[in-house]
Structure formats: C-alpha cells, structure tokens
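Comments concern the structure below.
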C-alpha cells in the first residue's frame, strides 16, 4: 500500500515538473514576442516606404532595419493599416516605431523624433495642360485641392490648409482621379511618391507637377512615447548620424529610387 502511494506521489511530482517546464517554455515564448519592437509606416509612399504583402519595405524601412540590427533590438517591420491607422497605432502604443514621418505639433504629443535623415519636396500635382502660376499657398486660394488622408506638412502648412485653402483629404488614387475628372484643381503630395503612384495607376501621362514646391519637409524616424524602447532613441540617433555621415542614407535612397525607375520606366 505504501509503495502504491509512493508511486502515485512520484507520478504527481513528475507531472507537476513537466507542467512547470511546459508553462515556462510558453511564457518565455510569449515574452519573446512581447519584447519584439514593432515598426510600421505609410503603405503607399514609395520609394521611402510601401506595403508588400504583410511587410513595410523601402528606403526608410531598410534604414530602420540596419540600425535596429546594429543596436541588437529584436524587431519586425510590418503593415498595420493605412497611414491614419499607423499614426493612431503609434499614439496608442500598439506599434513602437514609424520608419518615416514629417514633424508636426500634434504628432509630437505622442511621438519622439530622431534626427532628420532626408528631404522630401512636396509638390502641387495638376492635370496635364491645367498648370497655373504657383509661388506660394496664396496662389491656391479659390481653387479646390486634395491631399492624402492622414498627411501632415508641418504646423504652419497644416494650419494654412485648414484655414486658408479648400482641400479635401482622400486616398491617393482617388485624388489623382479627381484631377483627371476635373473635380479638383490640384493635389498636394510628395514628389517622389506622387510620380511613382501616378505611374502605378497608369496616369503619369495625364498629370504633371508645378515647378515650385508647396513645402520641403524632413523625414524622421519616430518612437511612440508609450514604447518601452523609447530610451533607445539616443543610441538610434548615434547610428543614424553615422549612416548619414558615411553616405549610407543617400545610397539607400538612390537604390530605391532606381528600383522604381527600373520597374516603371524613367520619369517623364
């Protein structure tokens, strides 16, 4: 009888040990997943960032990839929704990093910024043949325009768009189509991404951009203020400065511009 009780106790102990080991493994796996930094970006802003399946790739994404690898932070750069959703996710702490974004006062309430790493000229696109003299935002008064949902062009320009101009926020494809259909006079969008997107939807021969930029903005990498990786921003900046100084940033931007030129044909 005692031997049977002893055998049962041994079995119970073995099962408890096995269960504890299994629980430990599961918890370790869950903690590993939770510890992974999640980065995302604009899904339609090539060559800086764009969606490919469930990933965000492009020059900005690769730069973040290089730096996070160097400072040994486990990470994933993935698609998490449209541009407005990406910013909301950063605000809520659902993602840690945005691979490229302009600086704005409202965004600065929930994100901290890296040093700037590239210039992005923002242009006024129009239907071909419908160009007009443009030197400043004053030349847009009385005309109807569009820009992409969730875009910010710095505090001054954002306030100008809201208070001085007639600008609707629509998806990029719809914005170009509105130009073609005569439902808007102009579209505000980054030069590089605007040309590529126009080619992708087959409208590059039907649109053009005015020579003078609406604004020229800096691109930054941003960290959510709710991210537990926020204290890594100084180290991230050190590596980013190294990449700027040694020419890696310019090289990556050129590579992705050339990729799109090759894929879609030379800019016209």
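Only residues that are at pLDDT 95 or above, under 19 Å from residue 89 (Cα atoms) and over 16 Å from the mean Cα position of the chain (by Cα) were counted across the stretch 31-70, and they come to 1. Here the stretch 41-67 is the region considered, the condition is being without any contact (Cβ under 8 Å) to a residue 40 or more places away in the chain and buried (at least 18 other Cβ atoms within 10 Å of the Cβ), and the residue that is nearest to residue 223 (Cα to Cα) is 61.
Would you please name the residue that is nearest to residue 37 (Cα to Cα), looking only at residues in the stretch 71-80 that are more than 15 Å from the chain's Cα centre (by Cα) and either free of Cβ contacts under 8 Å to residues at least 40 places away in the same chain or surrounded by 15 or more Cβ atoms within 10 Å (Cβ to Cβ) (or both)?
We begin by selecting, within the stretch 71-80, every residue more than 15 Å from the chain's Cα centre (by Cα); these are 71-75.
Checking which are either free of Cβ contacts under 8 Å to residues at least 40 places away in the same chain or surrounded by 15 or more Cβ atoms within 10 Å (Cβ to Cβ) (or both) leaves us with 72-73, 75.
Details: 72: 11, 73: 7, 75: 4 Å.
Among those residues, the one meeting the criterion is 75.
Has the stretch 217-234 got at least one residue that is within 19 Å of residue 147 (Cβ to Cβ), in contact with a helix residue (DSSP H, G or I) (Cβ under 9 Å, 6 or more places away or on another chain) and modelled with pLDDT under 95? Give the derivation first.
Looking only at the stretch 217-234, we keep the residues that are within 19 Å of residue 147 (Cβ to Cβ), and these are 217-219.
From what is left, the residues that are in contact with a helix residue (DSSP H, G or I) (Cβ under 9 Å, 6 or more places away or on another chain) are 217, 219.
Among the residues that remain, those that are also modelled with pLDDT under 95 are: 217.
Within the stretch 217-234 (the criterion being within 19 Å of residue 147 (Cβ to Cβ), in contact with a helix residue (DSSP H, G or I) (Cβ under 9 Å, 6 or more places away or on another chain) and modelled with pLDDT under 95), the answer is yes, since at least one residue qualifies.
The residues on offer are 208, 151, and the sole one that is part of a strand (DSSP E or B), in contact (Cβ under 8 Å) with a residue 12 or more places away in the chain and on the phi < 0 side of the Ramachandran plot is 208.
In this structure, is residue 210 modelled with pLDDT of 95 or more and more than 19 Å from the chain's Cα centre (by Cα)?
On the way: modelled with pLDDT of 95 or more: yes; more than 19 Å from the chain's Cα centre (by Cα): yes.
Judged against the criteria, residue 210 is a match.
When we screen 126, 99 for residues that are at pLDDT 95 or above and either in the same structural domain as residue 58 (by TED's automatic domain parsing) or assigned to a helix (DSSP H, G or I) (or both), the only hit is 99.
When every residue of the stretch 211-219 is checked against the conditions, none turns out to be assigned to a helix (DSSP H, G or I) and surrounded by fewer than 23 Cβ atoms within 10 Å (Cβ to Cβ). Of all residues in the stretch 195-210, those that are over 16 Å from residue 253 (Cα atoms) and crowded, with 22+ Cβ neighbours inside 10 Å total 3.
The values are calculated or read from the model by the stated rules, or taken from the named source; none is laboratory data. Keep in mind it's a predicted model, so treat the numbers as computed, not measured. Quick reminder, even Gly has a Cβ in these numbers, built from the backbone with ideal geometry, and neighbours come from all protein chains shown.
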